[in-house]
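Mind looking over this structure? Questions follow.
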Amino acid sequence: MEGFIKNIDRRTLLKGGVALGGGVITSGMPLSQVIWAAEGKVLKVALQFELVTLDPGFYTSSYEINVMNCLYSKLTHFKPGSEWGWDLEAAEKVEQVDPTHIRFRLKKGIKFTGGYGEVTAKDVKFSLERTINHKSGSMGELGSFDHVEIEDEHTGVIVFKTPYVPVWTITFPYASGHIVSEQAVMKATKDGGNFGMKPPAFSGPYVLAEWKQNQYTLLTRNPEWSGPKPGFDEIRIVPITDIKTAERAYQAGDVDFATISLDSLTTFKSNPPPDTKVEEHPSLRTIWLGMNMDHPALKDINVRKAIQWAINVPQILDTAYAGQANVATGPIAPGIVGHREKALVPPESDLAKAKEFLDKAGVSDLQLTLDCDNSGIPGIIAQTIQAQLSQIGIAVQVNAQDPGSFATIGQESEGDRWKSMQLFIRNDSSLPDPYYCTTSFVKAQVGIWNWERFRSDRFDELDAKAVAIEDPNERAKLYYEMQDLLEESGAYRFLTNGATPIVYRTTKIKAATRPDGVPLYLDFTPA
């Protein structure tokens, strides 16, 4: 096996990944031709995802949240820096009244655009409850949330059915915490559903001035914003889904902030472009191979376990990340409560054991598909897995597609593609609480974010218990067992948490990020 994998041409894989990338730069159009020059201070950034929606209740990627943070207000927001924490934003005060009740009081004078008036407690109620009413993908962030009680125009009480510890690290400062206008959304959608890329009103420091699919997103100052003035007059966001293309765009001066690949980190550090700062941040992301347990070809657990044992994780990381990424032990990254020291299946492959499982299943000449997005690294991972599985007689066809399309492949609400989906590479973001890492795998998320269609009463029981436990050591024990249950199903092969190296031009900006390297554009300042 060693000799076979080493013969996989890394440069060929990288070139394939680059060819799959999208965005303005890859289309050959200079940035200056698609976005007009503006007077004032301009922030130009690369985004590794093409926007699908700017509705916080129906987001498809964490990258969309980076943009939403500029457009809407939240009760609280993440602090920039190396330590996880939060500050008040739209809220003047937030207090835990008891384990299931949180009272908030909004700042006065925060207005929605379009003549929709001031942000009120009714809008907070609407924003949180519509997620539950429509059973949207962000519903999992709300945990045991039940409803909001209105006390007056600016004050309300958020009520949970049971204690919910992650409310401070997930619900308020992330996607579901964004406040949208009830009046504007109901007028635009009739039922309070997904408004997609046509937000009917804004309440943040910026508004969406223009969006060209696969080309750019332009944010400009919100003239009705009464809060602290952000540092830039415009934010120009270019979707560059291939990370190598983003690196070239940065080097060419088309963008002033970008995330770079781990295999380029050494080069950027030893020979950085002029006026460039390189920063390394730990990542909370999890990259894994998932398997659709409901597909006839993967219903037999022995087939799934054969795939688990045939995959050599260190070789994948060497090929895709030049050996710069860690081996994941589960969906919970190092530094987060519940992180396991090791997985049940060793990171190295055992081909003999894998073939034994195939023999138990009584299958031979198995042919499977492997879906991934075409942002570069996932394609390299997929092709490496394709080579590894061929050694136990499994032929794999890799299907790479644009990130927007791939993000919905396992969602029943988007059609029947989930029925034919077999293997897939997931690259999911996370937040600094283990609940966010595991809640996608509960039964209620089957056909939403639970693409493996994993079902376990015990897992759901532990998931419900863990969010109410404040003691981190006691919480951790439950999350250890939950990750064991995922792995024992055979439907998961966890690969890496990666890392987040970033670069930015010191003559133009001073970047600000969360501890995991995710940009907080509102906290960027001009040089």
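With every protein chain left in place, what is the accessible area of THR259 in Å² (1.4 Å probe, nearest 10)?
Roughly 30 Å² of THR259 is accessible to a 1.4 Å probe.
For segment 64-210, which whole percent of the accessible surface, found with a 1.4 angstrom probe, sits on carbon and sulfur atoms? Numbers along the way, then the final one.
Working: 2810 of 5650 Å².
In segment 64-210, the share of accessible area belonging to carbon and sulfur is 50 percent.
Using only helices, what value at 222 nm comes out for the chain when you add -39,500 (n - 2.57) per DSSP H run of length 4 or more and divide by the total residues, to the nearest 500 deg cm²/dmol? Could the numbers behind the result be given before it?
On the way: 17 runs with 152 residues, N = 527.
Counting only the DSSP helices, I get -8000 deg cm²/dmol.
Moving to a separate point now. Please report the relative contact order for the chain, taking Cα pairs under 8 Å with a sequence separation of at least 6, and give it as a percent rounded to a whole number.
Values: 1166 pairs, mean separation 112.8, N = 527.
Answer for the chain is 21 percent.
Right, another one. What list of ³J(HN,Hα) couplings, whole Hz, do you get for segment 81-97 from phi and the Karplus terms 6.51, -1.76, 1.60, once you set θ to phi - 60° and write x for glycine and proline?
Calculated HN-Hα couplings, in order: x, 9, 10, 6, x, 9, 10, 5, 10, 7, 8, 7, 7, 9, 9, 7, 6 Hz.
Also, quick follow-up: Using a Debye calculation, one point per C-alpha and no hydration shell, please list log10 I(q)/I(0) for segment 178-272 at q = 0.14, 0.19 Å⁻¹ in order.
Values returned for q = 0.14, 0.19 Å⁻¹ are -0.72, -0.99.
Which aspartates and glutamates, on any chain, are close to LYS122 with Cα under 13 Å apart, when same-chain ones fewer than 8 places away are left out?
Hits, sequence-local ones excluded: GLU149, GLU151, ASP152, GLU153, GLU182.
Size of the dipole of the chain about the Cα centre, Lys and Arg at +1 and Asp and Glu at -1 on the beta carbon, nothing else charged, in debye to 20? Intermediate results must be reported in sequence, preceding the final value.
Working: 54 positive and 66 negative charges, 174 e Å.
In debye, rounded to 20, the chain gives about 840.
In whole angstrom, how long is each semi-axis of the equivalent ellipsoid of segment 50-92, when you take the square root of 5 times every eigenvalue of its Cα gyration tensor and sort them from largest down?
Values: eigenvalues 90, 36, 11 Å².
With the √(5λ) rule applied to segment 50-92, the semi-axes are 21, 13, 7 Å.
What lysines sit close enough to LYS510 to cross-link, taking a C-alpha to C-alpha distance under 23 Å and skipping anything fewer than 8 places away on the same chain?
The qualifying lysines are LYS41, LYS44, LYS79, LYS229, LYS244, LYS269, LYS277.
Could I get the Rg over Rh figure for the chain? Both from C-alpha atoms, Rh via Kirkwood, rounded to two places. Let's see the in-between values first.
Values: Rg = 22.9 Å, Rh = 23.8 Å.
Here the Rg-to-Rh quotient is 0.96.
Rounded to the nearest 20 Debye, what is the dipole magnitude of segment 422-527 about its Cα centre when Lys and Arg each give +1 and Asp and Glu each give -1 at the C-beta?
I would put it at about 680 debye.
Same structure, new question: Within segment 313-374, list the trypsin sites (Lys or Arg not before Pro) lying in a DSSP loop whose Cβ has at most 13 other Cβ atoms in a 10 Å radius. Before the final figure, lay out the partial values.
Working: sites: ARG340, LYS342, LYS353, LYS355, LYS360; in loops: ARG340, LYS342.
Filter output for segment 313-374: LYS342.
What area, in nm² and to one decimal, does the C-alpha convex hull of segment 438-517 cast on average over all directions? Walk me through the numbers on the way to the answer.
Numbers: hull surface 30.9 nm².
For segment 438-517, averaging the hull's shadow over all directions gives 7.7 nm².
Distance in nm between label sites at GLN367 and ASN326, each 7 Å beyond Cα in the beta-carbon direction?
4.1
In addition: Which Cα, out of TYR504, TRP451, GLY338, lies furthest along the positive dipole direction of the chain (beta carbon charges, K/R +1, D/E -1)?
Highest projection toward the positive end goes to TYR504.
Using the Cβ atoms and a cut-off under 12 Å, what net charge is assigned to the surroundings of ARG455, where Lys and Arg are +1 and Asp and Glu are -1?
Net charge in that neighbourhood comes out at -1.
Here is a follow-up. Per q in 0.14, 0.18 Å⁻¹, report the Debye log10 I(q)/I(0) for segment 124-247, using one uniform scatterer on each alpha carbon and no solvent.
Evaluating at q = 0.14, 0.18 Å⁻¹ gives log10 I(q)/I(0) of -0.80, -1.16.
The values are calculated or read from the model by the stated rules, or taken from the named source; none is laboratory data. These numbers were taken from a predicted model, which means no experiment stands behind them. Positions of Cβ are generated from backbone atoms using ideal geometry, with glycine treated the same way; all protein chains shown enter the neighbour counts. Accessible surface areas use protein heavy atoms only, side chains included; no ligands, DNA or RNA. Shrake-Rupley method; radii C 1.70, N 1.55, O 1.52, S 1.80 Å.
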